[in-house]
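The values are calculated or read from the model by the stated rules, or taken from the named source; none is laboratory data. These figures come from a predicted structure and were not determined experimentally. Here the Cβ is made from the backbone with ideal geometry for all residues, glycine too, and neighbour counts use every protein chain on show.
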Amino acid sequence: MAAGSTYTPIATQTLGSAAASVTFSSISGAYTDLVLVTNMAIATVNGSIYIRFNGDSGNNYSYTNLYGDGSTVGSVRGTNANKTYISWYVSRNTALEAVSITNIMNYSNATTYKSFLSRGNRASASNSPGTEAIVGMWRNTAAITSFVITADSGNISTGSTFTLYGIAAA
């Protein structure tokens, strides 16, 4: 991330009804990095949220997730996957409580693979509270101009919010 940078809001989406996915498209290459902030829930127990860049569903993704809930810790890893996760476990709840912040570094650079770091938590004591950190990579040198966020199963709940920021050098 660039030192002395500023966040510029690019787009916000709030789901008026449950949806299988959320799309951000026509992303300008004018920033150094992107930040995606989510507050969401899903309709399925123990569901996950994944991301695909520029419509690529090939086996070009890798991820490692570290998670814990105060008494249990674990990790999950995927290589040569057809998607990468921004939240491995999102609570099934009517309250929106799975919050994640995803930093996508050097997204507009056309000479390097794209990497990101996603940190998230689940706040509810009744719905498996916990925290996680995911590092992911899209093995492609193309600039990211769009991405789709999708629930592994079921739908992303009504009222879930997704805000995309660009980080520009000050």
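Within the stretch 37-54, the set of residues being farther than 19 Å from Tyr67 by Cβ and touching a Ser or Thr at 6+ places or on another chain (Cβ under 7 Å) comprises Val37, Ala43, Asn54.
Ser75 passes every criterion in (1) in a strand (DSSP E or B); (2) polar (S, T, N, Q); (3) modelled with pLDDT under 95; (4) in contact with a Lys or Arg (Cβ under 7 Å, 6 or more places away or on another chain) apart from (4).
Residues are listed down the side, and each one gets a yes or a no for (1) within 24 Å of Thr158 (Cα to Cα); (2) of a type in the set (Lys, Arg); (3) in contact with a Leu (Cβ under 9 Å, 6 or more places away or on another chain):
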{"position": "Ile10", "(1), (2), (3)": "yes, no, yes"}
{"position": "Gln13", "(1), (2), (3)": "yes, no, yes"}
{"position": "Gly16", "(1), (2), (3)": "yes, no, no"}
{"position": "Ala19", "(1), (2), (3)": "yes, no, no"}
{"position": "Thr23", "(1), (2), (3)": "yes, no, no"}
{"position": "Ile42", "(1), (2), (3)": "yes, no, no"}
{"position": "Ile49", "(1), (2), (3)": "yes, no, no"}
{"position": "Asn59", "(1), (2), (3)": "no, no, no"}
{"position": "Ser71", "(1), (2), (3)": "no, no, no"}
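Beta carbons closer than 9 Å, at least 6 apart along the sequence or on distinct chains, pair a first residue in the stretch 24-50 that is more than 18 Å from Thr84 (Cβ to Cβ) with a second that is outside any strand (DSSP E or B) and aromatic (Phe, Trp, Tyr) for Gly29/Tyr107; Tyr31/Tyr107; Thr32/Tyr107. Between Ile49, Ile86, Ile10, the distinction of being touching an Asp or Glu at 6+ places or on another chain (Cβ under 8 Å) and not polar (S, T, N, Q) belongs to Ile49 only.
Going by what's in this entry, would Ile10 be described as under 16 Å from Arg122 (Cα atoms) and in a strand (DSSP E or B)? No; evaluated as a whole, the condition is false for this residue.
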